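The values are calculated or read from the model by the stated rules, or taken from the named source; none is laboratory data. Quantities reported herein were computed from a predicted structural model and do not represent experimental measurements. Cβ: placed from backbone, ideal geometry, glycine included. Neighbour counts: every protein chain shown.
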Amino acid sequence: MIRDRTWGSRLTDIGLLVILIAITLSCVLPIWYTLALSLSSNSAAASGQVWLWPVGFNLNAYAQILKDGQFFGSFWISVQRVVLGAALNFVVVLLMAYPLSRSSRQFRARGPLMWILVFCMLFNGGLIPLYLTVKELGMLNSIWALVLVGGAQTLVFNVILTVNFFRNLPKELDEAALVDGAGPWYSLIKIYLPLAVPVLATITLFSIVYHWNEFLYGLIFMTREQYYPLQTYIQQMVVSVDPATMSEDQYRRLSELSNRTLDAAKIFVAMLPVMIVYPFLQRYFIHGITLGSVKE
């Protein structure tokens, strides 16, 4: 019986290993394929010859993206947007979620405020009123139009996620803090903030991904190309090619490209910063920090 259990345990481990390898490949292969496609020639990409290795290796797609100096300006705008948006999201979510996670006896306005947040998440005034509001506030061609409007889109979801995390923390934490004479600010900074690192890291990652990938508000609120964030600039460069203003060298470069190679290069450039940031936040997703926070 012991031998059978040992073999059964080994078979289970092998089966789980195979499943994990399959899941890993399903995540890695699309990224690898996108990179291989972006480095392939026009004819190979158009004829479907590319799979796991570039065919007709060249960097023309990336040269098409990087040749204009505006690319680096747009990259810097996107970096500013991500840093400001993630920092603002972190502070606002934390300051909203903590009081909303208290009981009705501790914070009487909790119920009405939660209903207002949920209503704002489900309904909005539309794109035209949003544009008119931003225009009246004088934020056209401003980085704050991207940061504030974009951050508001994901704010409510992040607040609800953090509120639920705070509510699942042991109630004994509040009782112990009250007995020790701790006020709300002390409890938030010294007790709840360290315990909320996993959920705050998660919502920060959500905010980073959103601000980096979003391009529509750049088209709406920016009237000059020099104010475009990176994704808006790449989108405009791909869809707005004017043959009348192209030089002979630009025609030659464009002839060596295909929509597939250029789109693949755009996708890979867009997801590369997120792939770099994710490993620094990933460890917070797998640690149960609240374990052992309350001693019996």
As an exercise: evaluate SER104 against (1) out of contact with any Lys or Arg (no Cβ under 8 Å at 6 or more places or on another chain); (2) over 16 Å from VAL156 (Cβ atoms); (3) not in a helix (DSSP H, G or I) and give the number of the one condition it does not meet. (1)
I'd like to know if the stretch 236-252 contains one or more residues that are surrounded by 11 or more Cβ atoms within 10 Å (Cβ to Cβ), in the same structural domain as PRO170 (by TED's automatic domain parsing) and modelled with pLDDT of 75 or more. yes
Quick one: which of LEU193, LEU155, LEU205, LEU146 is assigned to a helix (DSSP H, G or I), at pLDDT 85 or above and under 30 Å from ASP263 (Cβ atoms)? LEU146
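Condition first: of a type outside the set (A, V, I, L, M, F, W, C), within 19 Å of PHE280 (Cβ to Cβ) and surrounded by fewer than 17 Cβ atoms within 10 Å (Cβ to Cβ). Now tell me which residues in the stretch 186-200 satisfy that.
Kept after step one, since they are of a type outside the set (A, V, I, L, M, F, W, C), are these residues of the stretch 186-200: 186-187, 190, 192, 194, 198.
Subsequent filtering for residues that are within 19 Å of PHE280 (Cβ to Cβ) retains 194, 198.
Scanning the stretch 186-200 gives a single hit, PRO194.
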Go through the stretch 24-58 residue by residue and tally those that are surrounded by 13 or more Cβ atoms within 10 Å (Cβ to Cβ) and either in contact with a Gly (Cβ under 6 Å, 6 or more places away or on another chain) or closer than 25 Å to GLN235 by Cβ (or both). 18
Output for the stretch 59-69, where each listed residue is part of a helix (DSSP H, G or I), touching a residue at least 40 places away in the same chain (Cβ under 8 Å) and surrounded by fewer than 16 Cβ atoms within 10 Å (Cβ to Cβ): ALA63
